[in-house]
2 protein chains.
Amino acid sequence: MTHEPTHFAQELQALRDRVLVMGRVAERRVRAALQGLTTRNRDTLDEVIAGDRQLNDLQIDIDERCFTLLALFHPVAVDLRAIVAALRINTDLERVGDLAINIAEAAQRYVGHAPVKKLIDIPRMATIAQRMLRDALDAFVRRDTELAQHVLNEDDSLDSLKTQIFRELLTYMLQDPTTIEPSLDLILVSRHLERIGDHATNVAEDVIFMVLAKDVRHHSAEGA
Amino acid sequence: MTHEPTHFAQELQALRDRVLVMGRVAERRVRAALQGLTTRNRDTLDEVIAGDRQLNDLQIDIDERCFTLLALFHPVAVDLRAIVAALRINTDLERVGDLAINIAEAAQRYVGHAPVKKLIDIPRMATIAQRMLRDALDAFVRRDTELAQHVLNEDDSLDSLKTQIFRELLTYMLQDPTTIEPSLDLILVSRHLERIGDHATNVAEDVIFMVLAKDVRHHSAEGA
């Protein structure tokens with residue numbers, strides 16, 4: 001059961017490359033959903049809602065690569081953690097793709113109404129969430145725990161933007177009932193974007209665990 | 001690197017037991033959050049929001065068991081898939097625990113207002129989501145693909161309840177602006193419950209993959 005280490009290293013590099021590609025595809029879908037919302041373009045939104053065959057294929061391909069690497073090379077230590085991290089990141093990126101669909105669905109309902117307001121904070125949230133995702137994946141490929149930590153720190157800014165959006169839209173809804181329905185959809189979009197940030201956070205935590213074998217998921221649990 | 005197969009089988013059984021325990025703890029937290037909401041009990045809600053050390057400890061323990069089993073026994077085929085399934089289910093159950101907190105937070109805000117209505121459909125959603133989760137975990141332990149498939153079929157009933165809740169609350173909000181804020185929190189609760197159903201669905205899909213090596217995540221992707 002011994003295999004040439006170079007072969008394993010090549011396969012692991014190929015796996016990392018696939019994860020990066022999948023990250024780019026997922027991010028592109030989020031961007032398209034947001035663009036459809038801000039430009040009120042129903043066709044763009046329909047395209048996002050139709051789903052992405054490439055993303056599904058990548059997910060299955062990455063899973064298969066992970067299983068093959070585990071079964072053939074029985075890696076240990078950091079190599080084992082890297083493959084388990086790839087399995088997890090794969091799930092997170094799939095969910096990001098699903099959230100792009102959720103955003104597009106809310107946006108599709110939103111553009112059926114008159115605009116509630118000029119969208120400023122939602123595109124801002126989207127920019128942050130996408131950057132977090134990109135940084136987390138870069139951190140995975142470069143095994144860069146400092147960049148991963150930076151991603152974890154960004155989560156608070158998403159949270160405070162979400163709260164701000166909620167408060168502002170609540171004011172609109174209380175003043176004018178015709179804004180209730182479209183405002184609800186904007187609130188949902190902001191929550192979907194927050195969840196994309198959560199997935200980026202998961203990826204960053206996986207990177208730290210992969211490199212340092214240190215579990216940072218339960219920051220508050222002393223001694224765990 | 002050869003190990004007695006009985007030792008591996010024992011360890012795998014211990015892993016399954018831990019996953020079941022974690023499932024029960026996660027489910028108990030969801031139940032407590034719902035109970036706090038329906039009985040308007042702030043103390044119960046505070047307890048849920050405070051988090052659950054046991055759940056965090058179980059998550060770390062299950063992860064460690066998976067890594068140890070992968071590193072020491074380098075399992076293949078169904079055994080490898082069972083361990084990867086346990087890793088994934090672990091993540092899903094952690095999220096269910098987080099969603100219990102999200103439900104309790106929304107409920108805490110909700111009980112600060114006069115009740116919008118008698119809660120009927122939300123407890124109904126909770127019952128379905130909890131049953132899906134329990135069935136999915138039973139299916140994992142018993143390697144029962146029929147039960148797993150049953151869980152996948154239940155997802156639609158959660159979705160239609162969610163839509164019904166949304167429509168009903170929208171009517172309240174349009175008629176009486178004082179119900180807007182509490183109604184928003186009930187809508188959030190219904191979405192959190194829907195997501196618990198999604199996690200149960202993930203578990204069920206993992207079970208089918210574990211037993212049949214068949215990926216059922218992308219039902220619509222022909223030939224994938």
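Using the structure shown, decide if B:GLN130 is in a helix (DSSP H, G or I), more than 14 Å from every other protein chain (Cβ to nearest Cβ), on the phi < 0 side of the Ramachandran plot and buried (at least 20 other Cβ atoms within 10 Å of the Cβ).
Criteria met by B:GLN130.
Could you tell me which of the residues B:ASP46, B:ASP98 is surrounded by fewer than 20 Cβ atoms within 10 Å (Cβ to Cβ), closer than 17 Å to B:LEU133 by Cα and modelled with pLDDT of 95 or more?
Details: B:ASP46 fails: closer than 17 Å to B:LEU133 by Cα.
Criteria check complete, one pass: B:ASP98.
Here's a check for you: in region A:103-127, which residue that is part of a helix (DSSP H, G or I) and without any contact (Cβ under 8 Å) to a residue 40 or more places away in the chain is farthest from A:ALA85 (Cα to Cα)? Please lay out each step first, then the result.
Looking only at region A:103-127, we keep the residues that are part of a helix (DSSP H, G or I), and these are A:103-110, A:121-127.
If we keep only those that are without any contact (Cβ under 8 Å) to a residue 40 or more places away in the chain too, we end up with A:124, A:127.
Numbers: A:ARG124: 29, A:THR127: 25 Å.
Checking each candidate, the answer is A:ARG124.
When you go through A:ASP156, A:ASP138 one by one, which is the residue that is loosely packed, with under 14 Cβ neighbours inside 10 Å, more than 10 Å from chain B (Cβ to nearest Cβ) and closer than 26 Å to A:GLY97 by Cβ? Break it down stepwise before answering.
Details: A:ASP138 fails: loosely packed, with under 14 Cβ neighbours inside 10 Å.
None of the other options fit; the residue is A:ASP156.
Looking at region A:4-27, can you tell me whether even one residue there is assigned to a helix (DSSP H, G or I), polar (S, T, N, Q) and modelled with pLDDT under 95?
Of the residues in region A:4-27, the ones assigned to a helix (DSSP H, G or I) are A:5-27.
Then drop every residue that is not polar (S, T, N, Q), which leaves A:6, A:10, A:13.
Subset that is modelled with pLDDT under 95: A:6.
Within region A:4-27 (the criterion being assigned to a helix (DSSP H, G or I), polar (S, T, N, Q) and modelled with pLDDT under 95), the answer is yes, since at least one residue qualifies.
Which one is surrounded by the fewest Cβ atoms within 10 Å (Cβ to Cβ), of the residues in region A:141-153 that are under 30 Å from A:ASP185 (Cβ atoms) and touching a helix residue (DSSP H, G or I) at 6+ places or on another chain (Cβ under 7 Å)? First the steps, then the outcome.
Our first condition is that a residue be under 30 Å from A:ASP185 (Cβ atoms); within region A:141-153, this holds for A:151-153.
Restricting the remaining residues to those that are touching a helix residue (DSSP H, G or I) at 6+ places or on another chain (Cβ under 7 Å) gives A:151-152.
Numbers: A:VAL151: 26, A:LEU152: 18.
Here the answer is A:LEU152.
Assess whether A:ALA100 counts as being more than 25 Å from A:LEU15 (Cβ to Cβ), in a helix (DSSP H, G or I) and small (Gly, Ala, Ser). Before the answer, list the steps.
Working: more than 25 Å from A:LEU15 (Cβ to Cβ): no; in a helix (DSSP H, G or I): yes; small (Gly, Ala, Ser): yes.
It is false that A:ALA100 is more than 25 Å from A:LEU15 (Cβ to Cβ), in a helix (DSSP H, G or I) and small (Gly, Ala, Ser).
Can you spot a residue in region A:60-71 that is in contact (Cβ under 8 Å) with a residue 60 or more places away in the chain and either outside any helix (DSSP H, G or I) or under 14 Å from the mean Cα position of the chain (by Cα) (or both)?
The answer is no, given that none of the residues of region A:60-71 is in contact (Cβ under 8 Å) with a residue 60 or more places away in the chain and either outside any helix (DSSP H, G or I) or under 14 Å from the mean Cα position of the chain (by Cα) (or both).
Test A:GLN54 against the criterion of being polar (S, T, N, Q), within 11 Å of chain B (Cβ to nearest Cβ) and more than 29 Å from B:ALA71 (Cα to Cα), and give yes or no.
Working: polar (S, T, N, Q): yes; within 11 Å of chain B (Cβ to nearest Cβ): yes; more than 29 Å from B:ALA71 (Cα to Cα): yes.
Yes, satisfied.
So if I check each of A:ASP135, A:ASP98, A:ASP155, A:ASP92, which one is touching a Leu at 6+ places or on another chain (Cβ under 7 Å) and among the acidic types (Asp, Glu)?
The unique qualifying residue is A:ASP135.
The values are calculated or read from the model by the stated rules, or taken from the named source; none is laboratory data. Note that this is a predicted model, so its numbers are computed, not measured. Every residue, glycine among them, receives a Cβ derived from its backbone with ideal geometry; neighbour counts consider all protein chains shown.
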